[in-house]
Structure formats: C-alpha cells, structure tokens
Amino acid sequence: MERPNIAISEEHFPPCINNILNGLSDGRKRSLFILINFLNSGNWKKEQMNEFIVKWNQKNKPPLRDSYVISQLRWYKDREKRLPPNCKGNGWYSDFGACQPNELCGKQNKTIKNPINYSFKSLNPTRKFRKRKK
Ligand code: SF4
C-alpha cells in the first residue's frame, strides 16, 4: 500500500511534533529542520508550511531570527522531499525532550521508526504503508 498523498492534518501529528509546536528554548534550529521535513513529507503546500512555521517560531523562547527561518525555508523550497530524522537518531527528539512516546509510537518506540510514519499510521491504523514510487 502506498503512502497517502493528502496533507496530514494536525490531529495526526505525533507527540514529538506537538511538543515542538508548543515552542522550545532548546533545540529550536533542529526543530526547524524537523518541521520543514515533516510537513514537506506530510504533503503540506509550501505557502501553508511557511506561514505555519513562521507563526510557530513566535512561540520559541526566544524565537529564532526571522531571517534565519526564512533562509532555511527558501533553501528547502525546491529540494526533493526528505523524511524528518528517525525517532532514535542521536541528537534529535530525545535530546531536547520532544520525544514522549504514546501508545501509537509503540513500546520503547519499536512500532514507529519515523514521526511521519506515526501520522500515516494514525490516518489509517490498519494499513501498512511503504514509500511512494517515483
Ligand atoms: S517515538 Fe518517534 S514519533 Fe513517537 S514521540 Fe518519539 S520521536 Fe515522535
């Protein structure tokens, strides 16, 4: 079964992404990288994603410089979709306290390997998804 080609809505975001969205003091740049790749992989339109991320940045303590956020968004604009880092990657979610697995993440994060898979699983819990063929 191929991954769905619809924009992932916020109700299907995993705990780590929701924690990031609450705003952070540590891990802000890494979170920006995560959010860009997560939303991009979740089929968000560029304009929608940019607006969402600029708004999110205002919740950070303190916010990243607008020029930094905009330069990162520009840099990713025409790039191929890339997955966000895997759940267990060193220096990512657990490192700044964003990974707080719930039941869907699975015991000791064994079910979900990447936050985007959480969202696809949440959209349709009974299906097994694989990458869309190019
Ligand atoms: S296990 Fe993965 S999807 Fe779940 S909260 Fe942690 S990083 Fe996010």
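With respect to (1) farther than 14 Å from ALA98 by Cβ; (2) in contact (Cβ under 8 Å) with a residue 60 or more places away in the chain, the lone exception for LEU24 is condition (1). Filtering region 108-126 to residues that are among the β-branched types (Val, Ile, Thr) and either within 11 Å of the ligand (Cβ to nearest atom) or modelled with pLDDT of 95 or more (or both) leaves THR111, ILE112, ILE116. When region 23-76 is filtered for residues that are part of a loop (DSSP other than H, G, I, E, B), over 16 Å from the mean Cα position of the chain (by Cα) and basic (Lys, Arg), the ones remaining, listed by number, are LYS59, LYS61, ARG65. Screening ASP78, ASP95 for residues that are of a type in the set (D, E, K, R) and surrounded by 11 or more Cβ atoms within 10 Å (Cβ to Cβ) leaves exactly one candidate, ASP95.
Number of residues in region 41-51 that are farther than 22 Å from ASN86 by Cα and surrounded by 15 or more Cβ atoms within 10 Å (Cβ to Cβ) equals 1. The number of residues in region 77-90 that are within 16 Å of the ligand (Cβ to nearest atom) and within 15 Å of the chain's Cα centre (by Cα) comes to 7. Within region 1-36, being closer than 16 Å to GLN72 by Cα and within 13 Å of the ligand (Cβ to nearest atom) holds for GLY27, ARG30, SER31, ILE34, LEU35. Here LYS29 qualifies as within 22 Å of GLY89 (Cβ to Cβ) and either polar (S, T, N, Q) or in contact (Cβ under 8 Å) with a residue 24 or more places away in the chain (or both). If you go through region 98-111 and keep only what is surrounded by 13 or more Cβ atoms within 10 Å (Cβ to Cβ) and either in contact (Cβ under 8 Å) with a residue 12 or more places away in the chain or out of contact with any Leu (no Cβ under 9 Å at 6 or more places or on another chain) (or both), you end up with ALA98, CYS99, GLN100, PRO101, LEU104, CYS105, GLY106, ASN109.
The values are calculated or read from the model by the stated rules, or taken from the named source; none is laboratory data. Everything quoted here is computed from the prediction, not taken from an experiment. Neighbour counts run over all protein chains shown; Cβ positions are idealised from the backbone, glycine included.
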